[in-house]
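The structure appears right after this line, and notes come after that.
The values are calculated or read from the model by the stated rules, or taken from the named source; none is laboratory data. Everything quoted here is computed from the prediction, not taken from an experiment. Cβ placement follows ideal geometry from the backbone for every residue including glycine, while neighbour counts extend to all protein chains displayed. In case anyone asks, the SASA skips ligands and DNA or RNA and just uses the protein heavy atoms, side chains included. Shrake-Rupley method; radii C 1.70, N 1.55, O 1.52, S 1.80 Å.
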Amino acid sequence: MTVEGFKFEQRHGKERVRVARVWKTQQGRHFVVEWRVGITLLSDCVNSYLRDDNSDIVATDTMKNTVYAKAKECSEMLSVEDFAILLAKHFVSFYKQVTGAIVNIVEKPWERVIVDGQPHEHGFKLGSEKHIAEATVQKSGALQLTSGIEGLSVLKTTRSGFEGFIRDKYTALPDTRERMLATEVTALWRYSYESLYSVPQRPLYFTDKYLEVKKVLADTFFGPPNVGVYSPSVQNTLYLMAKATLNRFPDIAYVHLKMPNLHFIPVNISNKDGPIVKFDDDVYLPTDEPHGSIQASLSRLWSNSKL
């Protein structure tokens, strides 16, 4: 919009709202989630910027309180995606000034513990990779829904190589068909649902889909358990993982993968008397600084999705 001869855009919200929710079954089993919530509102509150008038502002403290109130109202377990949609829908429907809401949530990976071979009724341990979600909802009911994984660390000790790349006077890296391959996958995918009314109503649908996508990504990276699969580059493996995701899940329109190449450097040590450590595909120096940075996106031809 134009304000006093200038182009002006604004938004406001609340970040890093931490909430945990426990559900208990009649049989005594507990379920828990811990979420870090970020809220951004697109609203008509220009007067608060231009003059002494805050009458159209939704206070960020109110946003924080709303997170806890809505968590309390959720009497049944729900996915992080459904909670993001619920919050965003509330803000655009409850406040006439709000035209759009963006809610992003990171779920902390609490996992039920196993004691003496049995799942514990109320005991949990912290896992590794995080489930993330972002819902953008317009007052019209239009929706953009993105899910993802942060921190999926994977490694294989063989069936990886890198050769035939550009060589010049600055190149020192040798060709190899035998190396370790390790990365920490960040994956984001956008669903094809474009309105609040088209979202599946099945309980925990998106939680199940998250677990299924994670399995497809990992299975494609590792290959069959007895022989694995050869990786000629991180780039090729990334593409195959993204393609497998789109092929497996028709309601996913777009996938973005970021896969840093975390290096395991062969160790050779010698002194004037000869070798101390002679590398034989066995002893490595792990390092993530510096590391290769590889990322790419894959989408269906009809999709206009970008992250």
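What is the number of the single condition among (1) open to solvent by 30 Å² or more (accessible area, probe 1.4 Å); (2) in contact (Cβ under 8 Å) with a residue 12 or more places away in the chain; (3) small (G, A, S) that G223 does not meet?
So G223 meets the others, but not (1).
Scan E129, E134, E121 and give me the residue that is among the charged types (D, E, K, R), closer than 29 Å to P224 by Cβ and surrounded by 11 or more Cβ atoms within 10 Å (Cβ to Cβ).
E129
If you go through the range 271-290 one residue at a time, how many are over 20 Å from E178 (Cβ atoms) and either in contact with a Pro (Cβ under 7 Å, 6 or more places away or on another chain) or modelled with pLDDT under 95 (or both)?
Residues in the range 271-290 being over 20 Å from E178 (Cβ atoms) and either in contact with a Pro (Cβ under 7 Å, 6 or more places away or on another chain) or modelled with pLDDT under 95 (or both): 1 in total.
From V80, V103, grab the single residue that is over 17 Å from H12 (Cβ atoms) and out of contact with any Pro (no Cβ under 6 Å at 6 or more places or on another chain).
V80
If S48 satisfies all but one of (1) in contact with a strand residue (DSSP E or B) (Cβ under 8 Å, 6 or more places away or on another chain); (2) surrounded by 14 or more Cβ atoms within 10 Å (Cβ to Cβ); (3) not in a loop (DSSP other than H, G, I, E, B); (4) not acidic (D, E), what's the number of the condition it fails?
(1)
I need a count of the residues in the range 261-307 that are assigned to a strand (DSSP E or B), closer than 26 Å to V154 by Cβ and of a type outside the set (V, I, T).
Within the range 261-307, residues that are assigned to a strand (DSSP E or B), closer than 26 Å to V154 by Cβ and of a type outside the set (V, I, T) number 18.
Please count how many residues of the range 16-28 are in a loop (DSSP other than H, G, I, E, B) and either in contact (Cβ under 8 Å) with a residue 60 or more places away in the chain or surrounded by 16 or more Cβ atoms within 10 Å (Cβ to Cβ) (or both).
Matching residues across the range 16-28 total 1.
Being in a loop (DSSP other than H, G, I, E, B), open to solvent by 60 Å² or more (accessible area, probe 1.4 Å) and without any contact (Cβ under 8 Å) to a residue 60 or more places away in the chain is the filter here, so list the residues in the range 51-93 that pass it.
Across the range 51-93, the qualifying residues are R51, D52, N54, S55, I57, S75.
Could you pull out the residue among V185, V216 that is part of a helix (DSSP H, G or I) and within 17 Å of the chain's Cα centre (by Cα)?
Every option except V216 fails the conditions.
Just to verify a result, which residue in the range 29-45, among those that are in a loop (DSSP other than H, G, I, E, B) and in contact with a His (Cβ under 8 Å, 6 or more places away or on another chain), is farthest from V106 (Cα to Cα)?
The qualifying residue farthest from V106 (Cα to Cα) is C45.
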